[in-house]
Structures are given as structure tokens and as C-alpha cells.
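A short reminder: the numbers here are calculations on the coordinates, not readings from a lab. Just so we're clear, the structure is a prediction, and the values are computed from it rather than from any experiment. Neighbour counts run over all protein chains shown; Cβ positions are idealised from the backbone, glycine included.
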Amino acid sequence: MKLFSFTLFGLIIFCSACNSNKQNVKEDVTNDLHVEKPNLRFEEEIKQFELMDQRARYASNAIVFTGSSSIRLWTTLAEDMNNLPVINRGFGGATNPEVIYYADRYLYKHQPKFVVYYCGENDIAEGSLPQQVLASFKKFVSNLESKLPKTQLVYLSMKPSPARWSLWPKYKEADTMIKSFVDSKTNLHYFDTSITMLDDNGEVRKDIFIADMLHMNTLGYEGWTSRLYPMLSKLYQDN
């Protein structure tokens, strides 16, 4: 009887430990955002934004495009968005925590009417889980709503690319969750970048990328523009 009681007690302790570990894993997935102390590799780029803001005057009710290099390398953005008052604030290979960390210095000061947001691809490439990308995007939205409650946001889904094709399932998993979140809020809007980037067989087009097969060429941006500009123009006029 004593042996049975001891065995049963040990089993209970073991099960409790397993449940605790599962809970810890779940908490790590959603809470480990590294927002407080991100890598400061983009400090010089942010300083350049601050210098630009000191020297230039920008239109009120602007549309700020921000996020990673797919925004930074969009050199024809102002031309492509025609008469819309856009500001390009994309930097390097930014991740969500880095955008969150620096937003006070380069984004909120413009008090934009819209934010167009592209970020998350690098997070997953650097090892973040789709659930972490969702959690950090929600953190960015929460901050935006707190500081600029009238500002709306257009989320650009993570793009497919030949260089990161193996990560495409994770991008889609994260974006499926993000779309559900976006669709639940009236101030958020979802834009699917992949529509102009995949062929009829669901394979990524190689003709829309530069040599590294990661970043888009002019043809790639033309595809985005063909769908994003009409959407953004209507949203801007209606709001």
C-alpha cells in the first residue's frame, strides 16, 4: 500500500511538472518579444530619419510607410502613390520589436492619417514563431491606438520569395492569424501582397526579384502598386 501511494504521488508530481513546462512554453511564445532591449543595429538609420524630419516639411495627414527593406527599397514610392502624401520610413532588415522600439522617434511625430506596415518576414527568418509575430504586431497596434487613436493602419502581408521559399508556410501561418485580428478591428486593413507575386501554379515568380531573389525589382513593386494604390486612395478619401 505504501509503495502504491509513493508511486501515485510521484506520478502526480511528474504530471504537474509536465503541465508547468507546457504553460511555460506557451508563455514564452506569446511574451518573449524582446521589445525592451532589441538589437540597436539600426540606430544610425533612425538618426538619419530624425535629421530628415528636422530639415523637411511634410504634409499633414500623411501616409507613413514603415517596416523592413521591402519598404526601404521602394525608391519610387512617392511616384507610385501618385498624389497621396506618402513618407517612406522603412529601415534595413527591421523586425517588429525594432519598429516598436523606435516608433516614438520616427513615426508618431508625423501624426499620420494612415500607417502602411510591412514587417514580420525578418522575425521569422531570425527564428521567431508565427505566434510571436502575431503578438508583437498586436503590441505595435496597441501602441499606435494609444498614441494616435484616429490613425488607421494597412497591413501588408509577408511576401513570398525564392530565397525564403522554405519559410513561406510560416509566413502564411502568421498572416492567417494576423488577418483574423485585422478583420476584427475597423481601424485596420489587410493587403495580400502574394496575389501579384505567385503564378497560376502557386509558385513564386522569379522575374519580379533582383539577383538576391529576396528583394523585389521594379516589376515587383509595379505589381504591388497596381492593387495597393487604388485601395489606399479609396481609404484615404473615405476617411
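Using R₀ = 35 Å, calculate the FRET efficiency as 1/(1 + (r/R₀)^6) where r is the Cβ-Cβ separation of Glu44 and Lys138; round to 0.05. The calculated FRET efficiency here is 0.75. If you look at the Cα atoms of the stretch 30-172, you get an Rg and a Dmax of 14.8, 43 Å.
Label zone of Ser166 (point 7 Å out along Cα→Cβ, amide N under 20 Å): in the stretch 188-209 this covers 203-206. Residue separation times 0.36 nm, minus the C-alpha to C-alpha distance between Arg205 and Glu126: what's the value? That pair, Arg205 and Glu126, stretches by 26.1 nm at full extension. Report note on the peptides 65-71, 108-114: ranked by the mean count of other C-beta atoms within 10 Å, highest first, their order is 65-71, 108-114. Candidate cross-link partners of Lys138 among the aspartates and glutamates, defined by an alpha-carbon separation under 15 Å and a same-chain spacing of 8 or more, comprise Asp32, Glu98, Asp123, Asp175, Asp183. When DSSP beta bridges are restricted to pairs lying wholly in the stretch 45-238, around 10% turn out antiparallel.
Neighbours of Ile46 by Cβ distance under 11 Å: Lys/Arg scored +1, Asp/Glu scored -1, total -3.
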